[in-house]
Amino acid sequence: MQSELEIQSISSEKEALEKLQDGREKLLREIRRVIVGQDAVIEQLLIVLFSGSHCLITGAPGLAKTRLIRSIAQILDLQFKRIQFTPDLMPSDIIGTEIIDENRVSGHREMRFIPGPVFTGILLADEINRTPPKTQAALLEAMEEKQVTVAGEVRLLPSPFYVFATQNPIELEGTYPLPEAQLDRFMFNILIDYLNEDEELEVVTRTTTAQQVELQHVFTGDDMLEFMRLVRMVPVAEPVARYAVQLAQSSRPGFPRAHASIQKWVSWGAGTRASQNLILAAKARALLRGHYHVSCADIRAVAASTLRHRILTNFRAEADRVSVENIIEQLLGSTPEPRSGLS
């Protein structure tokens, strides 16, 4: 017989699952009050949020990247802070610094820590590729360990903690490409494209009036922590997990499974984090869609966003005008799905 503790745990998980399913539509409804179109982008952002991961957003200026992230923070009742990355930004401007402060009671001077903007729920690193690597690296420990170290002392960040970084793919002058180690810490690289004519007309109509939209809270930080736990509990069959691993391994030149096109156009493939993120993102996608197991369709749906920033093309690919998107399409086409019907 099940113990009372086990029954309470199952009941709690069932309630959290029902809350997620009910709240998902409310969450989407609130987002669409301020964001027009971009349905695929919003779904990918929700996958990142419910996975407890970080995201890189690539798109031209004026596509509402900042407004989208700010709105999500408001809907989830999470503290939001934005850093405009510039060439003169210093690591202490992100993580904080210690200052000498005088104690008014004792009269003695002592060191006091002033927290930086990284101490928040959602951090928007705007145009992250505009700051030198020294400052970019200030986020490495925060993204991986959910903590920062200042003057030898470890300081924990709030939980949940998300980093959403944006970069402009058009203007490359005066930019510093993110190192591969930092790119690998982002679950997704989401591409935002221009709206169609009707959607852009709706944006113009909405934003040129005096009407103000008041967003409602749908979830809290504690809710998100519970949902992250639920996501990790979604089962994945061994053949589906193997399919995700094979996709990542097939992107690595020199591997026996790699297609001839990979050997020709890729200098460095996706690592183990890619396999992990493929599974985790697929679990979140399945749960958000009301499914209770991961399918190959879920893996394929998140493959492009998971792999595009982890595959480095070589000069030959540039000469042949082959993009990372082309290579991912070939990967998906050349990697067979398991025959067990799990797709």
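Read the figures in this text as sums done on the coordinates, not as results from a lab. All values reported here derive from a predicted model rather than from experimental measurement. Because the Cβ atoms are built from the backbone with ideal geometry, glycine has one as well, and the counts that use them run over all protein chains shown.
With the cut-off at under 20 Å, measuring from each backbone N in segment 299-314 to a point 7 Å along the Cα-to-Cβ line of residue 193 picks out 300-310. Total lysine pairs in the chain at Cα distances under 23 Å, for residues eight or more apart or on different chains: 10. Each of residue 140 and residue 88 was given a label point 7 Å from its Cα along the Cα-to-Cβ line. The distance between the two points is 2.6 nm. Net charge of the neighbourhood of residue 240, taken over other residues with C-beta under 15 Å away and scored Lys/Arg +1, Asp/Glu -1, is +2.
Quick one: Cα convex hull volume of segment 256-343, Å³ per residue?
Working: hull volume 8.5 nm³, N = 88.
Enclosed volume per residue, from the Cα hull, is 97 Å³.
Among 108, 54, 293, the ranking by other beta carbons within 10 Å of each residue's beta carbon, starting with the fewest, stands as 108, 293, 54. Here the contact order of segment 1-140, divided by its residue count and restricted to Cα pairs under 8 Å and six or more residues apart, works out to 22 percent.
Using C-alpha pairs under 8 Å with a sequence gap of at least 6, the mean separation divided by the residue count of the chain gives a relative contact order of 20 percent.
Could you list 126, 222 in order of exposure, starting from the residue whose Cβ has the fewest other Cβ atoms within 10 Å? Don't jump to the answer; show the numbers that get you there.
Details: 126 20, 222 11.
With the fewest neighbours first, 126, 222 line up as 222, 126.
Nearest 0.05, what FRET efficiency do residue 109 and residue 153 give at R0 = 25 Å with Cβ-Cβ as r? It comes out at approximately 0.85. Once the Cβ-Cβ distance of residue 316 and residue 176 is raised to the sixth power relative to R0 = 35 Å, the FRET efficiency obtained is 0.90. Among 275, 251, 106, 323, sorting on how many other beta-carbon atoms sit within 10 Å of each Cβ, with the fewest leading, yields 106, 323, 275, 251.
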